Amino acid sequence: MSVFDRSYRRYTGELKGRWSRIWAITTSTFRVQFSGKKIIFLLILCNLPVISFTLMITFMAIFSPAMVTSFILDIFGTVDVAMYTVINFTFNPGLIFLPIVFICALNAGTIANDKKHNSLALYMAKPIDRIDYIIGKALSIYMVSSFVTLIPWLVFMIAFTLLMGISGSQFIDTLWVYLSTAASALLVILFLGSVVLMFSAMSNQSVLAGILSILILFLPSLITGVIASVPELSVDWLNYFSISALLTASIHVIFGLPEFETSFFGGFFESNIRGSIAITVILGVIIMAILLTINQLYKEEIH
């Protein structure tokens, strides 16, 4: 007897809410992205700058507890300068490649693999529509991206405040640094994650989507860094095309333009472009990437 000749009873149970369905897409995608055997190694490698600073102050507190406060102040300065410095070590032109590779490698197949294996029809079956699918996939990318931004930054921040003996009213005074850290992480996550999501939606090959994402996000910083190393060339405006410079300038504004006099690193991470313009450019790219992703998936034919 043919399956098409059989009769089926319509499901009469209660369907979960829309956000429950979106969260199911998010968590299932997140589990797939973190299922590889080399994820831990890649995670440690891409967080190496933050891990190094965290271990440095921790070992200093263990072996020389009497000197830890003066040591931290001499190296990092005040808490806002310390957090700003550590964040920008992640996104300087030389090391920005690490978080970019992590985010692109794990997220490039988020939509591309579904297109490659013709799985979109399963997701798009009612009551899940395309915007639910996009939100679920975007949230999974943003969650993955937090493992090289928000989470390690907060770990360092907590270690820093504890080892400095900051508590009580002093801790309340540092809450704005926590908020600035979270805001900086959110901006970075939305920026890098949305670009990767866009390329994943435009391709049905995760490798191609990953390569394009890495090239677009890393090459401008590399090229502008090489040009800036030539003293005879005065091309500060080129930094508006550098992801590293845009993020540095934006985070500098978010942290309230911290002073560097007490820091060992001085003004090494001070930006030479306007932070307000940098934030505007980043927000513009985020909006454009999300709109292009939505447009691409609404044009996609489901077979």
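Since every read-out is calculated from the coordinates, none of them should be taken as a lab result. Quick caveat: nothing in here was measured; it's all calculated off a predicted structure. Glycine gets a Cβ as well: all are built from the backbone with ideal geometry, and neighbour counts include every protein chain shown.
Can you sort W153, W237, W176 so the residue with the fewest Cβ neighbours within 10 Å comes first?
On the way: W153 23, W237 10, W176 13.
Fewest-to-most ranking of W153, W237, W176: W237, W176, W153.
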Fill in the blank from the handout: GNM of the chain, Cα pairs under 10 angstrom: of S194, S28, S242, the biggest fluctuation goes to S28
Problem - Residue among A66, A138, A105 with the largest mean-square fluctuation in a Gaussian network model of the chain, springs linking Cα atoms under 10 Å - result: A66
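Longer than 20 Å from Cα to Cα, which of K37/K115; K37/K116; K16/K299; K16/K137 are they? Say none if no pair is.
Numbers: K37/K115 24 Å; K37/K116 23 Å; K16/K299 27 Å; K16/K137 18 Å.
Going by Cα-Cα distance, K37/K115; K37/K116; K16/K299 fall outside the 20 Å limit.
Give me Y133, Y142 sorted ascending by neighbouring Cβ count inside 10 Å, so fewest comes first.
Working: Y133 19, Y142 22.
Arranged by neighbour count, lowest to highest, Y133, Y142 become Y133, Y142.
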Problem - the stretch 32-133, Cα convex hull volume normalised per residue, Å³ - result: 165
Exercise for the section: Report the normalised scattering of the chain as log10 I(q)/I(0) at q = 0.08, 0.10, 0.15 Å⁻¹, calculated by the Debye formula with identical scatterers on the alpha carbons. Expected result: -0.42, -0.63, -1.18
Practice task
Among T174, T58, rank each residue by its count of other Cβ atoms within 10 Å, from fewest to most, as a rough exposure measure.
Solution key: T58, T174
